[in-house]
1. Does Thr138 meet the test of being in a helix (DSSP H, G or I) and buried (at least 21 other Cβ atoms within 10 Å of the Cβ)?
2. Suppose we filter Lys8, Lys25, Lys13 for residues that are surrounded by fewer than 15 Cβ atoms within 10 Å (Cβ to Cβ) and either in contact (Cβ under 8 Å) with a residue 12 or more places away in the chain or closer than 27 Å to Arg176 by Cα (or both); which single one remains?
3. Checking the structure you have, find out if any residue of region 67-89 is open to solvent by 60 Å² or more (accessible area, probe 1.4 Å), touching a Gly at 6+ places or on another chain (Cβ under 9 Å) and not in a helix (DSSP H, G or I).
4. Can you find a residue that is among the hydroxyl-bearing types (Ser, Thr, Tyr) and either touching a Gly at 6+ places or on another chain (Cβ under 8 Å) or surrounded by 13 or more Cβ atoms within 10 Å (Cβ to Cβ) (or both) anywhere in region 30-41?
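The values are calculated or read from the model by the stated rules, or taken from the named source; none is laboratory data. Not measured: the values here are computed from a predicted model. Don't worry about glycine lacking a Cβ; one is built from the backbone with ideal geometry, like all the others, and counts go over all protein chains shown. All accessible areas refer to the heavy atoms of the entire protein, side chains included, with ligands and DNA or RNA removed. Shrake-Rupley method; radii C 1.70, N 1.55, O 1.52, S 1.80 Å.
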Amino acid sequence: DQDEYTNKLSNLKQNYPGSFLVSRKNFSQQVSLALSNEFLFLGLLSIFLTLGLIVISLKKLRLTTIAVIPIISALASIGAVTYLAGLAFNIPAVIAAMVVMGLVSDYGIFMVYYCKYRSDTGTIAAVTLASVTTLIGTAVLLFAKHPILFSIGLTLTTGILAGYLSSLILIPAIYRLWKGREDAPA
């Protein structure tokens with residue numbers, strides 16, 4: 001199961017249709033490549049579907065732009081923390097990042113509605129409780145000894161925390177800035 005032999009046999013295999021190469025390393029590489037491509041496609045699909053649903057629910061490009069701030073900050077934080085921790089961005093982490101996108105997009109939408117309508121319905125408390133309960137569940141995985149579970153926990157905890165903080169801090173500030181520009185005389 002050495003690279004030089006599998007490369008030579010792979011070339012030879014092409015001359016004989018219907019033949020296949022039995023190699024643990026080759027099989028692992030083929031599965032890894034197939035899964036990586038599949039999850040890249042699914043990751044991009046989840047980004048576009050999430051953005052599409054935000055556009056549909058908010059109906060205005062400016063509000064949609066503000067609402068995606070938690071998604072951008074969550075994904076940027078996940079990438080930075082994963083890099084700084086010296087971890088590889090693996091398939092379970094990609095799945096966890098898709099979950100984070102779905103959760104923090106809710107925080108963004110709720111906070112944009114709160115900023116737009118200024119109704120005192122407990123939006124900030126609801127977003128806070130939702131994120132705290134999620135953080136409690138995900139932070140437990142940071143104590144896992146298994147590297148995959150730890151990676152999932154790190155991805156979820158980092159993303160939820162960054163999305164929560166940006167939805168509470170950045171969204172109201174940016175909304176006020178953009179709203180102030182609309183109200184300013186030309």
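1. Yes, satisfied.
2. On the way: Lys8 fails: either in contact (Cβ under 8 Å) with a residue 12 or more places away in the chain or closer than 27 Å to Arg176 by Cα (or both); Lys13 fails: either in contact (Cβ under 8 Å) with a residue 12 or more places away in the chain or closer than 27 Å to Arg176 by Cα (or both).
Result of the check over Lys8, Lys25, Lys13: Lys25.
3. Scanning region 67-89 turns up at least one residue that is open to solvent by 60 Å² or more (accessible area, probe 1.4 Å), touching a Gly at 6+ places or on another chain (Cβ under 9 Å) and not in a helix (DSSP H, G or I).
4. Taking region 30-41 first, the residues among the hydroxyl-bearing types (Ser, Thr, Tyr) are 32, 36.
Those still in the list that are either touching a Gly at 6+ places or on another chain (Cβ under 8 Å) or surrounded by 13 or more Cβ atoms within 10 Å (Cβ to Cβ) (or both) too: 36.
Checking region 30-41: at least one residue is among the hydroxyl-bearing types (Ser, Thr, Tyr) and either touching a Gly at 6+ places or on another chain (Cβ under 8 Å) or surrounded by 13 or more Cβ atoms within 10 Å (Cβ to Cβ) (or both).
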